[in-house]
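Asks: Before anything else, here's the structure in question.
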Amino acid sequence: MPKRTPSPSTESPPEAGAPTVTSATNVSCPWRLDIAVQTPAHAALGDLLSYAGAEPLVPGTLVRVPLGKREVLGVVWNEPTSLEGAEPDMALKPVGAALDALAPLGEAWRDLVAFAGRYYQRSIGEIALAALPPQLRDLSTTQLARRLKRKTTAGPVAETAESANLIALSEEQSAALARIEAGTGTFLLVGSTGSGKTEVYLRCVADLLARDPEAQALVMVPEINLTPQLEARFKARFGDEAVVSLHSGMTNPQRLASWLAAHSGAARIVLGTRMAVFASIPGLKLIVVDEEHDPSYKQQEGARYSARDLAVWRGQREKAKVILGSATPSLESWHQSRPPEGDDPGGRYVRLAMPSRIGAGALPAGRLVDMNLQPPKTVISGALLDAIGQRIARGEQSMIFLNRRGYAPVLACGDCGWKSEC
């Protein structure tokens with residue numbers, strides 16, 4: 001059982017990040033291993049638990065360890081410490097099976113998890129285990145070895161019909177690509193709707209994969225329903241074998257297969273939602289965050305975090321270029337990309353503008369109708385009814401968006417139109 005934490009009235013809880021010793025009756029293993037496990041919430045056990053191992057396992061190795069009456073998955077976090085000749089305060093529980101058929105999780109990945117735990121005030125084990133595929137926690141060493149026998153080696157990116165017949169770029173797209181190619185760090189690509197931001201992403205990924213045969217790219221979207229459309233475009237450009245997706249709408253076997261492909265380097269391009277920022281991508285050289293302003297990048301349950309901010313931090317840690325794309329950038333990104341002026345050295349991002357739309361396309365005209373000037377109890381204005389009638393007469397379709405779902409946040413009188421001000 002884990003070491004019982006003293007009452008707060010007699011002794012303060014252990015510091016965050018300090019390993020907690022677990023007790024046992026028998027120890028015959030000469031190495032102490034500090035392991036990140038998902039401990040019960042508010043247990044005050046610290047970030048890491050100490051176990052005894054028969055051999056010095058490499059940091060990042062996945063292992064099964066006892067925790068109470070259960071056996072759970074954990075990650076070896078630090079370099080092992082020899083116990084020979086030492087007299088520990090209490091015996092250590094032995095480590096169970098090590099999933100050594102799987103390559104250890106890299107130092108950069110562990111740094112990302114540790115930073116997220118510190119910054120968002122969560123335990124390392126909670127972040128680390130939530131980032132791993134759920135099915136991986138239940139696989140035995142034999143089952144994992146069977147899964148790894150499948151194709152997990154990266155091959156050259158196939159040239160498809162779409163990649164062989166690339167469209168000509170606009171001057172704004174070419175200028176943005178040149179700046180990204182020549183620079184480093186984080187770029188804010190501000191492009192209006194229809195300006196061709198996705199084509200810039202595709203060209204950046206293509207240039208990276210052609211230049212470095214081991215490089216990988218991470219492309220993030222805010223919503224699951226945006227993933228199939230983008231995945232189709234990337235697969236049409238780079239082939240099916242080079243692209244995998246990671247999002248919560250996938251089944252557990254699908255998520256495990258995609259995670260293993262990314263971890264082994266077989267998948268050169270990883271598409272996903274906010275959870276993909278924690279994917280193990282050892283060859284990561286480029287991160288794209290599409291629609292970076294979208295609030296869906298913020299996790300609101302469990303361990304809360306901003307995937308966009310973590311993507312920027314991960315890019316800095318792994319020396320990977322980061323492209324934040326949006327037609328309406330967030331205030332944070334807009335401020336971080338401000339140009340130098342006077343004594344202000346400017347922001348940390350490079351701002352790239354693509355205000356023009358591709359081809360002869362133009363944004364639809366918008367017309368505002370003041371509903372206060374309409375007759376009482378009017379739900380749809382006469383102008384809108386007339387416009388819908390014209391579309392119906394031409395055999396076209398109309399779509400009406402409602403900003404409420406059956407409730408109103410105000411008190412109002414239906415007879416005289418009075419509304420409460422507070």
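Asks: If you place +1 on the Cβ of every Lys and Arg and -1 on the Cβ of every Asp and Glu, how big does the dipole about the Cα centre of the chain come out, in debye to the nearest 20?
Replies: 960 debye
Asks: Could you give the longest part of the chain that holds none of the chymotrypsin sites (Phe, Trp or Tyr not before Pro) found in DSSP loops with at most 13 neighbouring Cβ atoms within 10 Å?
Replies: 1-400
Asks: Give the residue from His293, Tyr201, Gly382 lying farthest towards the positive end of the charge dipole for the chain; charges sit on Cβ (+1 for Lys and Arg, -1 for Asp and Glu) and the dipole is referred to the Cα centre.
Replies: Going by the Cα projections, it comes out as Gly382.
Asks: Let me ask you something else. In straight Cα distance, which lysines are under 27 Å from Lys377, not counting same-chain residues fewer than 8 positions off?
Replies: Answer for Lys377, where 27 Å is the Cα cut-off: Lys419, listed by chain and number.
Asks: With a/c under 1.5 counting as rounded, go ahead and sort region 154-305 into rounded, prolate or oblate using the C-alpha gyration tensor (a ≥ b ≥ c being the square roots of the eigenvalues; past the cut-off, prolate if a/b is larger than b/c, else oblate).
Replies: Oblate shape, in that a/c is at least 1.5 and b/c is the bigger or equal ratio.
Asks: Report the charge-dipole magnitude of region 259-300 in Debye, nearest 20, computed about the Cα centre from +1 at each Lys and Arg Cβ and -1 at each Asp and Glu Cβ.
Replies: 220 debye
Asks: Let me ask you something else. Take the alpha carbon gyration tensor of region 297-422, find the square roots of its eigenvalues, order them as a ≥ b ≥ c, and report rounded if a/c is under 1.5; if not, report prolate when a/b exceeds b/c, else oblate.
Replies: It comes out prolate by the Cα gyration axes.
Asks: Which one, Tyr120, Leu49, Ser398, projects farthest toward the positive side of the charge dipole computed for the chain from Cβ point charges (K/R +1, D/E -1)?
Replies: After comparing all options, I get Ser398.
Asks: Work through the residues other than Leu136 whose Cβ is under 13 Å from its Cβ and net out their charges, Lys, Arg +1 and Asp, Glu -1.
Replies: Its environment carries a net charge of +3.
Asks: If you compute Cα Rg over 2.2 N^0.38 Å for the structure shown, which of (i) 1.23; (ii) 1.09; (iii) 1.76 do you land on?
Replies: Answer label, from the structure shown: (i).
Asks: A further question on this structure: For the chain, what is the relative contact order in percent, using Cα pairs closer than 8 Å and at least 6 residues apart in sequence?
Replies: 14 percent
Asks: Determine, for each peptide in 380-389, 216-225, the mean count of other beta carbons within 10 angstrom over its residues, then list the peptides with the highest first.
Replies: Ranked by mean Cβ neighbours within 10 Å, highest first: 216-225, 380-389.
Asks: If you average the sequence gap of Cα pairs under 8 Å that are 6 or more apart and divide by the length of region 201-326, what percent do you get for the contact order?
Replies: Once normalised by length, the contact order is 29 percent.
Asks: Once you sort the root eigenvalues of the Cα gyration tensor of region 355-403 as a ≥ b ≥ c, which label holds: rounded (a/c under 1.5), prolate (a/b larger than b/c) or oblate (the other case)?
Replies: Cα axes put region 355-403 in the oblate bin.
Asks: What angle, in degrees between 0 and 90 and rounded to the nearest 10, separates the Cα long axis of helix 197-211 from the longest principal axis of the Cα atoms of the chain?
Replies: Its long axis makes an angle of about 40 degrees.
Asks: Cross-link list Lys69/Lys298; Lys197/Lys321; Lys235/Lys285: which exceed 24 angstrom alpha carbon to alpha carbon?
Replies: Over 24 Å apart, Cα to Cα: Lys69/Lys298.
Asks: So if I place +1 on the C-beta of Lys and Arg and -1 on the C-beta of Asp and Glu, and nothing else carries charge, what would the dipole magnitude of region 96-210 be about its Cα centre? I want it in debye, nearest 20.
Replies: 640 debye
Asks: Please report the spacing between the Cα centers of region 77-147 and region 184-204 in Å, no decimals.
Replies: Between the Cα centres of region 77-147 and region 184-204 lies a distance of 37 Å.
Asks: Could you work out [θ]222 nm for the chain from helices alone, using -39500 (n - 2.57) per DSSP H run of at least four and dividing by all its residues? Round to the nearest 500 deg cm²/dmol.
Replies: Value at 222 nm, helices only, nearest 500: -8000 deg cm²/dmol.
Here, each number is a calculation from the coordinates, and none is a lab measurement. Everything numeric here is computed off the predicted structure, so don't read it as measured data. For neighbour counting, all protein chains shown are included, and Cβ atoms are generated from backbone atoms with ideal geometry for every residue, glycine included.
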